[in-house]
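Nothing in this text is a laboratory measurement; each read-out follows from the coordinates by a stated rule. It should be emphasised that the depicted structure is a prediction, and the values quoted were computed from it without experimental measurement. Every residue, glycine as well, gets a Cβ built from its backbone with ideal geometry; the counts of neighbours run over all protein chains shown.
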Amino acid sequence: MSSLQPVRGTHDILPDDFRLQKSVADCAAEIAGRYGFKEITPPVFEFTEVFARTLGDTSDIVTKEMYTFEDRGGDSITLRPEFTAGIARAFMSNGLAQEIPCKFFCRGPVFRHERPQKGRLRQFHQVDVEIIGVPGPLADIEVIAVGAHFLETLGVLGDAVLQLNTLGDTESRLAYREKLIGYLEGHKGDLSEDSLARLQKNPLRIFDSKDHGDQAVMADAPLLGDHLNDHSNEFFTHVRDGLDALGIAYEINSRLVRGLDYYCHTAFEFVTDTLGAQGAVLAGGRYDGLMEQMGGRAMPGIGWAAGVERLSMMVGEAPAAPNLIVVIPLGDVAEREGLKVTQQLRHAGLVVEMGYSGNMKKRINRANKAGAGAVVIIGEDELTKGVATVRNMETGEQTEIALDALVDHLAAYR
RNA sequence: GUGGCUGUAGCUCAGUUGGUUAGAGCAUCGGCUUGUGGUGCCGAGGGUCGGGGGUUCAAAUCCCCUCAGCCACCCCA
């Protein structure tokens, strides 16, 4: 269509939506801050390798879902599709292994070349927390707790269910994977085409399939939970005890899986049925194998990410805009005084605009539509008396206030 | 990337079997009101009917292509 149209899957965030989305991200930052997470921000783009190496082969993700391009130096660059890989890279680049445990909070735009749907855009925004350097389950408990706390504060926790699963440690997973593939080989005829493709590269994902034939096969498939070694079982029990102690409700979902090899132990998703078929609103897990896969030294990590647009849709209503005062000067001389008053009030911490176009009626009308709590009128009458007329926009009541008492008087409208 | 549904004014939507100059509500602007908003009355502006091509005497309406949105799938790092 016309070039005035934004690129597919992008859109402009206008004031009401912006205020809502900012309040959601600010809420996450504030809650995470209470848990000791420090906000950092990695670059919006990285060398493609940073993301590609975490994903291994030429999966759909690499070939189909990433915004990748070549810069002028010939390097392959990718717009970040998530925060974790960039944070892990930053952790290694800056030698932060000295400072573990590291607890980071991030927010900002991420990019995925997907078919857009409501709340699922090609440029969207995430909030993200990560704990790096803690191998034990206390980190898992804390990461889930901060997520639950965040959703609770937003007022959407009641519309979501925490689903929890364990992927076990590497030993358990590898042994189980063999067993699962063995089982699936025996049922090849009943699997969907998609799942046949998944069989070698990502067999765990078949648990997620929406195909009825697949689901029938998987109903009798061996479960990871039955193949955990002692260490993995203890770890999971520890996590669950911690959640129980905190009163965080969850349900075990043994179909909740992560396909990539660096994941282990805890996997979780807060799932809702209020946003269509894509139910997860906040999802994360433990990725002890990630750094090693990226070429660094082994370093445990766990975190989650949540989509700001989707959370905003659940919240629905934007918080009220700050109270506004509008100064209306009438005439050239008053305009000079109006400028001074406006600036004074701003320095005093009030949100003030000057209504400078049109006649009185139009200006008052505009102030009203902008949501002004009070209007300060300065005309010739007022000037000769050294006062301003303050109109309370809710009651319509007007009072004359001495110019040097304006700041104090208007403090009530803050 | 695959499939389905939908695109008419800033927004929400009418528009008959293809037939004059494409309508309404809300919003915007102007007036009733020369320094006073919300309700009221009067009036005005605003449309490449998503875009391109085709069929036809005639297309918002039928056909093809394309773009976008929505829904589901793939994917979900």
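The table that follows gives values for the structure above.
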{"quantity": "Nearby lysines by direct alpha-carbon distance to A:Lys369 (threshold 21 angstrom, same-chain neighbours under 8 apart not counted)", "calculated": "A:Lys361"}
{"quantity": "Within the range A:123-159, backbone nitrogen closer than 15 Å to the virtual label 7 Å beyond the Cα of A:Asp273 toward Cβ", "calculated": "A:158-159"}
{"quantity": "Part-to-part distance (alpha-carbon centres) for the range A:364-397 and the range A:292-332, which is given in Å", "calculated": "34 Å"}
{"quantity": "Amide H partners (placed H, <5 Å) of A:Ala372, local residues excluded", "calculated": "none"}
{"quantity": "Sequence of A:Ile325, A:Ile77 once ranked by neighbouring C-beta atoms within 10 Å, starting from the fewest", "calculated": "A:Ile77, A:Ile325"}
{"quantity": "Shape call, the range A:324-413: gyration tensor on alpha carbons, a/c limit 1.5", "calculated": "rounded"}
{"quantity": "For the range A:324-413, size of Cβ-based charge dipole, Lys and Arg +1, Asp and Glu -1, in debye", "calculated": "420 debye"}
{"quantity": "Highest-fluctuation residue, A:Gly289, A:Gly349, A:Gly36 considered, GNM on chain A with Cα pairs under 10 Å", "calculated": "A:Gly349"}
{"quantity": "Efficiency of FRET between A:Gln215 and A:Gln98 - r from beta-carbon atoms, R0 56 angstrom, step 0.05", "calculated": "0.70"}
{"quantity": "Segment A:Thr384-A:Glu82, extension gain: residue separation times 0.36 nm, minus the distance between their alpha carbons", "calculated": "102.5 nm"}
{"quantity": "In nm, spacing of pseudo-spin labels at A:Gln343 and A:Met360 (7 Å Cα→C-beta vector)", "calculated": "2.7 nm"}
{"quantity": "Förster radius 35 Å - calculated FRET efficiency between A:Gln398 and A:Val333, Cβ distance, rounded to 0.05", "calculated": "0.95"}
{"quantity": "Among A:Ala25, A:Ile377, A:Ala267 - extreme Cα towards positive end, dipole of chain A, charges at beta-carbon", "calculated": "A:Ile377"}
{"quantity": "Point-to-point label distance, A:Glu292-A:Glu114, nm (Cα→Cβ direction, 7 Å offset)", "calculated": "3.0 nm"}
{"quantity": "Segment A:Thr153-A:Leu246, extension gain: residue separation times 0.36 nm, minus the distance between their alpha carbons", "calculated": "31.9 nm"}
{"quantity": "Cut-off 15 Å, label 7 Å out along Cα→Cβ of A:Phe69, residues of the range A:93-115 by amide N", "calculated": "A:111-113"}
{"quantity": "The range A:148-215: C-alpha gyration tensor shape, a/c 1.5 cut-off, then a/b vs b/c", "calculated": "oblate"}
{"quantity": "Rough spin-label spacing in nm, given labels placed 7 Å along Cα→Cβ, for A:Arg8 and A:Tyr35", "calculated": "3.7 nm"}
{"quantity": "Amide hydrogen neighbours beyond the local backbone of A:Met354, cut-off 5 Å, H modeled", "calculated": "A:Val327"}
{"quantity": "Options A:Gly355, A:Ile325, A:Leu243, ranked by Cα towards positive dipole end of chain A, top entry (Cβ charges)", "calculated": "A:Gly355"}
